[in-house]
Amino acid sequence: MDTRKKASLKEYNTFGIDVQALDLTSVTSVPELQRILQEKDPSELFIIGGGSNMLLTQNIDKYAVHINMKGYAIVDLPCGENEILLKVAGGENWHDFVLYCIDNNYGGVENLSLIPGNVGTAPIQNIGAYGVELKDVFYECEAVSRADGTLKTFSLKDCMFGYRDSVFKTTLKDQYVITSVTFRLTTKEHTIKTAYGAIATTLQEQKIVAPTIKNVSDAVIKIRQAKLPDPKKIGNSGSFFKNPVISTTDFSELYKKYPEIPHYPVGSDQIKVPGGWLIEQAGFKGKRYGDAGVHDKQALVLVNHGNATGEEIWDLALRIQEEVKTKFGLVIIPEVNVF
Ligand code: EPU
């Protein structure tokens, strides 16, 4: 277990914000994590996974713990003929895990290629992209209680997954650290999901008629690289806001005024409106204020062009939120956690 005093968190958050924590310890096993949790009060600790869903606006007056357990194991429990249960340590990088699955011909996560972050943080907001959400391949996860260090298993039902949502964001917020996730993946006949428009178009362009999971992964990588900034080159946290979901009644009012508004039904009585469209219409797409900016190809993504502070990015976020509220009467809520 390695501990550094007065540590910069710049390398540990994908926005690349340079703030300090009291110290930083990297834990590579569950017992190491449990030891820290038993020694310190939960309120003194700041847990970091992939750092891809946080905006740090000030120094963190806490002891940072980097979740860095690695490894893969096949779980020997009954599952379908065409299935495998794969347990993955929480500190594995999400995209490395996706590539591991493609290499081993395990299907299910190919649409989730190139999402920043770690395996252990993926369930918290039920990451999703291109027609697939983590919940579709989730079997169970293990998590350590921050209060007493005990290890608990959470089933699919326990996690109460919703759009960018789970029990770890609501009733159990900040109460557990996820140390491993077990996925239910296919081994032979994969269910290829190309319904999301851009995937089908990309495959057609390449004249691929019977796509493999690798083809789908490659297509998603291509689409994401064209639209979303690479955090290694330009600091960002993916979508900064969630897409607002509103009632059909509220939507019909908006539609009268903006008949061109893109929209997607959610169940029978709600409509999801792309936040990226709202932000673009409010005039922010590609705008830059110092080093804080809005990505020029996807307005839902805020970026750090170099040396922006977390506060500058947060000020911009608030300004965008305000403008969208004034123009459309809709409140867009940040998806990232702001500290
Ligand atoms: N749009 C605009 N302008 C923009 C961006 C989007 O008009 O600048 C409109 C377009 O009509 C476009 C529609 O919004 O067709 C949807 O855009 P996109 O396909 O990029 O999807 P999104 O709803 O903006 C969500 C996820 C992304 C995920 C994509 C693809 C959320 C908050 N975000 O974005 O997730 O990659 O779908 O499935 O649900 C992330 O969470 O970090 C993330 C990148």
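The values are calculated or read from the model by the stated rules, or taken from the named source; none is laboratory data. Quick caveat, the model's predicted, so the values are computed rather than measured. Cβ coordinates were reconstructed from backbone atoms using ideal geometry, including for glycine residues, and neighbour counts include every protein chain displayed.
Take the residues in region 82-97 that are free of Cβ contacts under 8 Å to residues at least 40 places away in the same chain and of a type in the set (Asp, Glu); name whichever of them is surrounded by the fewest Cβ atoms within 10 Å (Cβ to Cβ).
The residue in question is ASP96.
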Quick check on region 111-134: of everything there that is in contact with a strand residue (DSSP E or B) (Cβ under 8 Å, 6 or more places away or on another chain) and not in a loop (DSSP other than H, G, I, E, B), which residue is farthest from TYR63 (Cα to Cα)? ASN111
Report, by residue number, each residue of region 74-110 that is within 21 Å of SER166 (Cβ to Cβ) and either assigned to a helix (DSSP H, G or I) or modelled with pLDDT under 95 (or both). TRP94, HIS95, PHE97, VAL98
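Tell me the residue from TYR264, TYR289, TYR258 that is within 13 Å of the ligand (Cβ to nearest atom) and either buried (at least 19 other Cβ atoms within 10 Å of the Cβ) or farther than 19 Å from ALA129 by Cβ (or both), please. Reasoning before the result, please.
Values: TYR264 fails: either buried (at least 19 other Cβ atoms within 10 Å of the Cβ) or farther than 19 Å from ALA129 by Cβ (or both); TYR289 fails: within 13 Å of the ligand (Cβ to nearest atom).
TYR258 is the lone residue from the list that is within 13 Å of the ligand (Cβ to nearest atom) and either buried (at least 19 other Cβ atoms within 10 Å of the Cβ) or farther than 19 Å from ALA129 by Cβ (or both).
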Could you go through region 317-328 and let me know if any residue there is within 11 Å of the ligand (Cβ to nearest atom) and surrounded by fewer than 17 Cβ atoms within 10 Å (Cβ to Cβ). no
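Taking region 135-149 as the region of interest, how many residues are within 16 Å of the ligand (Cβ to nearest atom) and either assigned to a loop (DSSP other than H, G, I, E, B) or among the acidic types (Asp, Glu) (or both)? Spell out how you get there, then give the answer.
Of the residues in region 135-149, the ones within 16 Å of the ligand (Cβ to nearest atom) are 135-137.
Going one step further and asking which of them are either assigned to a loop (DSSP other than H, G, I, E, B) or among the acidic types (Asp, Glu) (or both), we end up with 136-137.
The number of residues fulfilling the criteria is 2.
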Of the conditions (1) more than 12 Å from the ligand (Cβ to nearest atom); (2) within 30 Å of LEU203 (Cα to Cα), the single one that ALA122 does not satisfy is (1)
So which pairs qualify, if the first residue must be in region 275-300 and under 14 Å from LYS227 (Cβ atoms) and of a type in the set (Phe, Trp, Tyr), the second must be more than 8 Å from the ligand (Cβ to nearest atom) and outside any helix (DSSP H, G or I), the Cβ gap must be under 8 Å, and the two must be at least 6 apart or on different chains? TRP277/ILE261
Considering region 179-198 alone, what residues qualify as being of a type in the set (D, E, K, R) and over 19 Å from PHE97 (Cβ atoms)? LYS188, GLU189
Where GLN38 falls short, out of the listed (1) out of contact with any Phe, Trp or Tyr (no Cβ under 9 Å at 6 or more places or on another chain); (2) crowded, with 22+ Cβ neighbours inside 10 Å; (3) part of a helix (DSSP H, G or I): (2)
